[in-house]
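Enquirer: The structure follows.
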Amino acid sequence: MIERYTRPEMAALWSDETKYATWARVELLASTAQASLGVVPEAALAGMRRAPVPSVTRIQELEAERDHEILAFLAAWTETMPTESARWVHYGKTSYDLVDTAQGSLLAQSVDLALDAARALTGLLIDRALEHWDTVCVARTHGVHAEPTTFGHKLAVHAHALHRCTGRLTAARRAVAVGTLSGPVGTYSHISPQVEEYVCGKLGLGIESHPTQVVARDRHAELLGALALTGAVVEQFALEMRLLQRTEVGEVEEPRSGAYQGSSAMPHKRNPTTSERLCGLARVLRANAGAGYENIALWHERDLAHSSVERIVLPDSLTVAHYQLVSAAELLAGLTVRPERMALNFQATRGLIHSSEVFLALTADGADRESAYRLVQAAADDAHTSGSSLAEALAARGVHAPDAWFDPGRFLGNRDHLKSRLNQLKTEYQDHVDM
């Protein structure tokens with residue numbers, strides 16, 4: 001992923017230096033286990049332990065000669081070892097014993113970063129939802145004013161959605177945090193299962209339950225799908241913020257630095273660029289998830305068609321999702337909320353958003369449903385046409401509408417159970433808000 005959409009902690013995990021250091025660790029752990037079983041001489045371990053992780057430059061030089069990255073890495077690592085140590089490196093293993101086990105470790109660490117960011121954003125959504133639990137605004141369906149709601153209620157919807165995402169990411173972490181050291185075609189023909197148990201245990205990984213020559217790729221597809229869903233949920237939040245920032249609405253505004261310039265031509269512009277960026281990045285995550293599904297079906301015990309795809313989509317999706325979550329939290333933490341504009345918009349239709357309350361009140365007073373609905377609809381049409389209030393239009397049709405029918409509290413006074421659910425969620429996330 002390009003630097004613009006990359007946070008440094010995720011970039012460090014997906015650097016070539018970290019990858020090769022992890023490869024060296026897997027090889028050394030495997031040799032240590034082999035030595036405990038009497039397969040590799042104990043004396044050979046000392047030279048392996050002293051050997052530095054080879055430089056990226058040296059590995060690239062050797063890969064140009066061999067056209068094989070793993071063999072280039074092994075050659076670069078062993079060239080600084082005594083011969084007696086070098087000849088036991090990679091003993092009994094195949095390339096993807098190294099690649100997939102190391103990748104399982106890197107994926108686990110990367111998902112942990114994404115989960116931390118998701119939990120922080122969820123906690124912040126909860127806190128700001130409670131802050132604005134009673135900040136009345138108008139809800140919109142089809143983009144049209146519907147009934148009263150509160151800004152806190154809006155944010156709570158996104159908090160619960162992101163909470164579901166943390167569950168999916170947690171499950172996906174379990175799926176990908178596995179390794180295998182089972183040798184060619186996964187039959188343990190040249191290596192003991194005890195080596196696999198030792199290495200994966202030290203790395204905090206599970207073990208592929210029935211390997212071929214690779215870890216099953218449905219695991220990686222599950223992760224990419226969970227990241228795509230998380231991106232879509234962040235997009236849902238960001239899209240709401242974009243819509244509420246429109247000039248005609250103006251109910252919120254995302255934070256801006258003192259250096260902000262919104263347009264090269266129009267100095268007045270204050271564009272919702274952060275929200276737009278979050279929406280755009282969700283498209284990348286969805287596209288990458290599709291590539292992950294394509295990677296599941298490999299020829300027989302393995303082929304290499306998945307490798308080139310994974311070199312792009314796994315680090316890119318984790319990097320983008322992490323960036324998206326952190327950026328969304330920064331946006332929300334600095335978000336300006338404008339209750340006064342919400343109140344102005346609330347009154348924009350002169351009481352029409354209370355039509356259902358009037359309709360239900362007339363029904364409760366004895367009118368049949370169809371007649372009550374048609375009466376209120378006709379009065380609403382009159383108000384639309386004439387610019388009068390709904391109460392005035394009703395009065396013109398002989399219906400007295402008490403002020404109580406237009407009190408938002410009648411809509412919003414039955415939400416204690418929703419606030420209770422939000423507070424229950426808060427107890428799970430209170431340690432994750434650090435903004």
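Enquirer: Would you check which residues across the stretch 271-309 are buried (at least 19 other Cβ atoms within 10 Å of the Cβ) and not in a helix (DSSP H, G or I) and list them?
Expert: P272, N295, R302
Enquirer: From the list L278, L298, pick out the single residue that is in the same structural domain as G186 (by TED's automatic domain parsing) and under 25 Å from G152 (Cα atoms).
Expert: That would be L278, the only listed residue that is in the same structural domain as G186 (by TED's automatic domain parsing) and under 25 Å from G152 (Cα atoms).
Enquirer: Quick one: in the stretch 415-435, which of the residues that are at pLDDT 85 or above and polar (S, T, N, Q) is farthest from the chain's Cα centre (by Cα)?
Expert: S420
Enquirer: Could you check how many residues of the stretch 394-408 are without any contact (Cβ under 8 Å) to a residue 24 or more places away in the chain and either of a type outside the set (D, E, K, R) or not in a helix (DSSP H, G or I) (or both)?
Expert: Counting residues in the stretch 394-408 that are without any contact (Cβ under 8 Å) to a residue 24 or more places away in the chain and either of a type outside the set (D, E, K, R) or not in a helix (DSSP H, G or I) (or both) gives 8.
Enquirer: Among the candidates V178, V214, V195, V199, which residue alone is buried (at least 18 other Cβ atoms within 10 Å of the Cβ) and within 22 Å of the chain's Cα centre (by Cα)?
Expert: On inspection, the qualifying residue turns out to be V178.
Enquirer: Does the stretch 153-166 contain any residue that is at positive phi and surrounded by fewer than 17 Cβ atoms within 10 Å (Cβ to Cβ)?
Expert: No, that holds for no residue.
Enquirer: Among the residues of the stretch 422-434, are any loosely packed, with under 11 Cβ neighbours inside 10 Å, without any contact (Cβ under 8 Å) to a residue 12 or more places away in the chain and not assigned by TED's automatic domain parsing to the domain that holds H160?
Expert: Scanning the stretch 422-434 turns up no residue that is loosely packed, with under 11 Cβ neighbours inside 10 Å, without any contact (Cβ under 8 Å) to a residue 12 or more places away in the chain and not assigned by TED's automatic domain parsing to the domain that holds H160.
Enquirer: Anything in the stretch 217-244 that is surrounded by fewer than 22 Cβ atoms within 10 Å (Cβ to Cβ) and among the polar types (S, T, N, Q)? List them, or say none.
Expert: Hit for the stretch 217-244 is Q236, nothing else.
Enquirer: On the given criteria, is R168 more than 27 Å from E301 (Cβ to Cβ) and out of contact with any strand residue (DSSP E or B) (no Cβ under 9 Å at 6 or more places or on another chain)?
Expert: Criteria met by R168.
Enquirer: Show the residue pairs meeting these rules: Cβ distance below 8 Å; 6+ apart or different chains; first residue within the stretch 331-342 and basic (K, R); second residue in a strand (DSSP E or B) and surrounded by fewer than 18 Cβ atoms within 10 Å (Cβ to Cβ).
Expert: Close Cβ pairs (under 8 Å, with a partner that is in a strand (DSSP E or B) and surrounded by fewer than 18 Cβ atoms within 10 Å (Cβ to Cβ)) amount to R338/E253.
Enquirer: I've got another one for you. Scan the stretch 281-295 residue by residue and report those that are within 16 Å of A328 (Cα to Cα) and either touching a Phe, Trp or Tyr at 6+ places or on another chain (Cβ under 9 Å) or not assigned by TED's automatic domain parsing to the domain that holds L239 (or both).
Expert: L281
Enquirer: With respect to the numbered conditions (1) at pLDDT 95 or above; (2) under 30 Å from A282 (Cα atoms); (3) polar (S, T, N, Q), which one is the sole condition not fulfilled by S308?
Expert: For S308, the failing item is (1).
Enquirer: If you go through the stretch 363-393, how many residues are under 19 Å from E147 (Cβ atoms), free of Cβ contacts under 8 Å to residues at least 12 places away in the same chain and surrounded by 14 or more Cβ atoms within 10 Å (Cβ to Cβ)?
Expert: Number of matching residues: 1.
Enquirer: Further question on the same structure: Please go through the stretch 1-42 and pick out each residue that is in a helix (DSSP H, G or I) and either in contact with a Pro (Cβ under 6 Å, 6 or more places away or on another chain) or in the same structural domain as L205 (by TED's automatic domain parsing) (or both).
Expert: none
The values are calculated or read from the model by the stated rules, or taken from the named source; none is laboratory data. The structure presented is a predicted model; accordingly, all values stated were derived computationally and were not measured. Every residue, glycine among them, receives a Cβ derived from its backbone with ideal geometry; neighbour counts consider all protein chains shown.
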